[in-house]
1. Which value, in Å² and to the nearest 10, is the accessible area of SER112 when all protein chains are kept and the probe is 1.4 Å?
2. Give, in nm to one decimal, the length gained when the segment between THR34 and ALA199 is fully stretched (0.36 nm per residue of separation minus the Cα-Cα distance).
3. What would the Debye formula give as log10 I(q)/I(0) at q = 0.12, 0.31 Å⁻¹ for the alpha-carbon point model of region 10-62, no solvent?
4. Mind giving me the nanometre distance, one decimal, between the label points for LEU101 and GLU206, set 7 Å out from Cα along Cα→Cβ?
5. Tell me the carbon and sulfur percent of the accessible area for region 121-173, rounded to whole percent, probe radius 1.4 Å.
6. If only Cα atoms are counted, what is the Rg of region 148-237, and what is its Dmax, in Å?
7. Expressed in nm to one decimal, what extension gain is obtained for the pair ILE113 and MET10 from 0.36 nm per residue of sequence separation less their Cα-Cα distance?
8. Of GLU38, GLU147, which has the most accessible area with a 1.4 Å probe, and how do the rest follow in descending order?
Amino acid sequence: MRQEEFPDWMDETGIGQIGVFHLERSRRITAEITAYDEDRDELIVNVIASNRVHPSDGEQNYAIPVDHVLSFVPQSRDMQSWPYSDPCRSAPSSLGRFLLLTTLFLSATIGSIPLFLTMQGPWPLQQASVITYTLAVTWLTFSASRENPRYLLTCPAVRPQLPRLLLRHFAFLLALMVVETAASAVHPRLTDWWNVRDAKGRTPFEFALLLVCMALGFTQVYTNRSLLKHAHREFSH
């Protein structure tokens with residue numbers, strides 16, 4: 001559809017906008033606009049509520065032909081149920097956030113290798129682990145995935161939780177250091193089997209310690225995201 005052929009109601013829409021679509025045959029759909037298919041001249045929406053059996057409430061990526069829409073009435077997110085009332089849901093992505101998360105990811109993966117090889121001091125393993133652990137947990141807590149939404153540091157629901165997240169992080173870092181220090185103390189007393197290297201150059205002791213540290217990290221990430229999810233729900237009520 002050429003720009004000059006767009007109906008007037010499309011001036012009130014945009015990606016992330018929520019509103020009520022009045023369609024042909026008295027159909028009415030409340031939905032969030034997620035995309036516009038220019039080739040098919042269709043709006044792609046997530047259905048919040050419908051007065052017909054099809055589409056069903058909660059249906060994702062439902063296509064609405066533009067020429068089937070009689071009118072569109074925008075609605076505030078505050079009027080919707082969770083998760084559509086989430087204040088972070090429609091916030092645009094930024095270059096700064098992309099660069100920050102990319103830097104955290106690369107530093108926690110590729111950047112951690114020379115860190116463990118070159119770190120000096122009384123506790124080189126603990127020092128390198130604290131840095132890598134912090135980078136990885138921060139990235140996994142705030143980044144998005146197919147199953148998990150993103151969380152924005154600038155979100156009004158997230159900002160009040162940052163001091164609590166920081167205190168929790170210090171507690172998990174203390175636990176990480178205790179685990180690694182205890183493992184280092186016990187290591188010399190273990191049987192030779194724990195130090196036999198496999199084809200990849202890893203020993204059972206190193207692999208077991210890695211699993212324990214990863215379990216600790218994923219526990220923190222899971223509880224962090226649960227805290228932020230609850231904070232968003234409370235903010236929206």
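1. Here the accessible area works out near 20 Å².
2. Numbers: separation 165, 0.36 × 165 = 59.40 nm, distance 4.82 nm.
Roughly 54.6 nm would be gained on extension.
3. -0.24, -1.31
4. 3.2 nm
5. Numbers: 2110 of 3060 Å².
C and S atoms contribute 69 percent here.
6. Looking at region 148-237, its Cα Rg and Dmax stand at 18.5, 59 Å.
7. Working: separation 103, 0.36 × 103 = 37.08 nm, distance 5.16 nm.
Answer, rounded to one decimal: 31.9 nm.
8. On the way: GLU38 125, GLU147 150 Å².
Solvent-accessible surface, decreasing: GLU147, GLU38.
The values are calculated or read from the model by the stated rules, or taken from the named source; none is laboratory data. What you see is a predicted model; the values in this text were computed from it and never measured. Here the Cβ is made from the backbone with ideal geometry for all residues, glycine too, and neighbour counts use every protein chain on show. In case anyone asks, the SASA skips ligands and DNA or RNA and just uses the protein heavy atoms, side chains included. Shrake-Rupley method; radii C 1.70, N 1.55, O 1.52, S 1.80 Å.
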